[in-house]
1. Distance check, please: which entries in 168/297; 66/390; 168/290; 195/390; 195/337; 337/374 exceed 18 angstrom between their Cα atoms?
2. If we count every other residue with Cβ under 10 angstrom of residue 465's Cβ, Lys/Arg +1 and Asp/Glu -1, where does the sum land?
3. Do the sum for the chain: with -39,500 (n - 2.57) for every DSSP H run of n ≥ 4, divided by all residues, what is the mean residue ellipticity at 222 nm, to the nearest 500 deg cm²/dmol?
4. List the residues whose amide H sits under 5 Å from the amide H of residue 336, counting only those 5 or more places along or on another chain, with H placed 1.01 Å from N in the peptide plane.
5. Extending each Cα 7 Å along its Cβ direction at residue 13 and residue 462, get the distance between those two points in nm, one decimal.
6. In terms of the Cα gyration tensor, with a ≥ b ≥ c the square roots of its eigenvalues, is the range 1-67 rounded because a/c is under 1.5, prolate because a/b exceeds b/c, or oblate?
7. Using the Karplus equation 6.51 cos²θ - 1.76 cosθ + 1.60 (θ = phi - 60°), what ³J(HN,Hα) coupling, rounded to whole Hz, does each residue of the range 15-22 give in order, writing x for Gly and Pro?
8. Using 1/(1 + (r/R0)^6) with R0 = 25 angstrom and r between the beta carbons of residue 143 and residue 255, what's the FRET efficiency to the nearest 0.05?
Amino acid sequence: MQPKGARREDVLHVLDQKGGLRPGVVDKVHRETGVPAADIYGVATFYHLLSDPDGGVRVCQGLSCKMAGCDRLMADLRSRDTKATYVSCLGRCDLAPALWDPDGEAVIPQPGLTASHDAMAIDLLGAERPAYGALAAVMERGSDWMVEELERSAITGRGGAGFPAHIKWKGVRSQAEMERYVVLNADEGEPGTFKDREILLRRPHLVIEGLAIAAFTLAANDIYVYVRGEFGRARESMETALAAARRRGDLDHLDGLRWHFVDGHGAYICGEETALLEALEGKRGMPRMKPPFPVEKGFRGKPTLIQNVETIACLPAIVDRGGDWFRSIGRREAGSKLYCISGHVRRPGVYEGPLGWTLRELLEAAGGMVGSLKAFSPGGASSGFLPASKIDVPLDFKSLQKEGSMLGSSGVVVLNQSADMVEAALSQAVFFEDESCGQCAPCRIGTQVLRQTLERYLTSRDVGVLAHLEPVMWGMGEASICGLGQAAHFPLQSAMQYFPEEFGVAAPP
Ligand SMILES: Cc1cc2nc3c(=O)[nH]c(=O)nc-3n(C[C@H](O)[C@H](O)[C@H](O)COP(=O)(O)O)c2cc1C
Ligand code: SF4
């Protein structure tokens, strides 16, 4: 029996308040929430920030940070007796090698490196304008108008899957159930990606207004903002913007609307929409089988719209300037795009261009390469690697799919001639193994096999150890439940395809 008032959904929050998994905490949380102790232990061990509360300073070992010397940084910290732990990508690839101090959220730029946020140019999304005129226009014109305009804009989700937004909105609206939710996915964690962080910090009112537009159109009474645990300042920025909007009366006509801010606790997989819902419900963040899709059965089993930060931030501009305008900005596909670029580039940062910019154009905006281009990862770790010869391929959903890659979260990482592609593939393999939720065997075991095989090959340079990889990668792609396991072999597979000589295989004639 749970004590009166206690809720399963509170488990993660209560664990966090009590300082994570420390002696005696499981029992205290059990008494407070009534959830069985074994269950609470299981939940706590799933999330890095809860399971290792005394991990000290976190050192990012994402690909950009690896190439920028995170191992040297770690050695240096340890030589000075500073407690430090490696973590998966911190979403600060523009400050590589990045550190995060959970006590102060201090990002400590390394000597000789400067943050390049001033190089960012969110022009198409407009300067921050806290007027909320788009929300007022939608309330006047009605929700049918809004959905039509969204369809006209042809905007597709910016979180990775590129699914048409209007289909999801129509899906929620078509449900008879009137308890409906809007969830903002601000759990950004794909290595190479840091655009959502910048939007939350620099354009919070666009996101607040976009969420209010979504809630009004879908007749939802609750908005959940799920922010990655390491993004404390971004969350504060959103809370400050919401308070200001309320003070000014910008949200006055949405009296019944409730806003909830929820912190992530250090689990990349919770960016996957159904894993995020599990986390919101206080459970281990394990992706659900789909169907049913969240529009039908989402948070608490009710119709739920889950949308990425960038997708939501585009809404006010779509309303203000029209769906046709938004559509016309893109080249082959609709709209603008925030591209992140890091690695061996002069000015790492977030740049907005038309959807369909090529890497050549993006590099031009970012000051060019440091060294000469050897390879790039166009859309986060899940997109694998492409060789320099693909520099003029449009960075959009369909063009990259044709290349056997993906735009994903548009986290572009560029590698110069000094990069070792076996090391680069290993860095991504470590990431996927660490972040697999472990619920399905092809992913749990496959990610481990890939990492171990690459380590063996690096020490032995024996091509024989690579011989059994093909069926493992095939099984992961075919039989994993979610996108993590389905894509985890792309970095290795593509590195072997485009750089066979580095894997001891003769290049095709
Ligand atoms: C392993 C994995 C991680 C993901 N991480 C994120 C994320 O951090 N942020 C995000 O918006 N979408 C992420 N997604 C995509 C979401 O599942 C979902 O498609 C998205 O939030 C929907 O919003 P959109 O349509 O606006 O893109 C991830 C997907 C997978 C498979
Ligand atoms: S593919 Fe991997 S991350 Fe996704 S559900 Fe299966 S084990 Fe979990």
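Derivation of every value follows stated rules applied to the coordinates shown; laboratory data play no part. Not measured: the values here are computed from a predicted model. Note: ideal-geometry Cβ built from the backbone for every residue, glycine included; neighbour counts use all protein chains shown.
1. 66/390; 195/390; 337/374
2. Working: positive: 456, 461; negative: 455, 462.
The answer is 0.
3. -12000 deg cm²/dmol
4. Amide H to amide H, under 5 Å and 5 or more residues apart or across chains, residue 336 pairs with 355.
5. Going by the 7 Å Cα→Cβ label model, 5.5 nm.
6. Numbers: a/c = 3.22, a/b = 2.63, b/c = 1.22.
Because a/c hits 1.5 or more and a/b exceeds b/c, the range 1-67 counts as prolate.
7. 4, 5, 4, 8, x, x, 6, 10
8. So the FRET efficiency works out to roughly 0.90.
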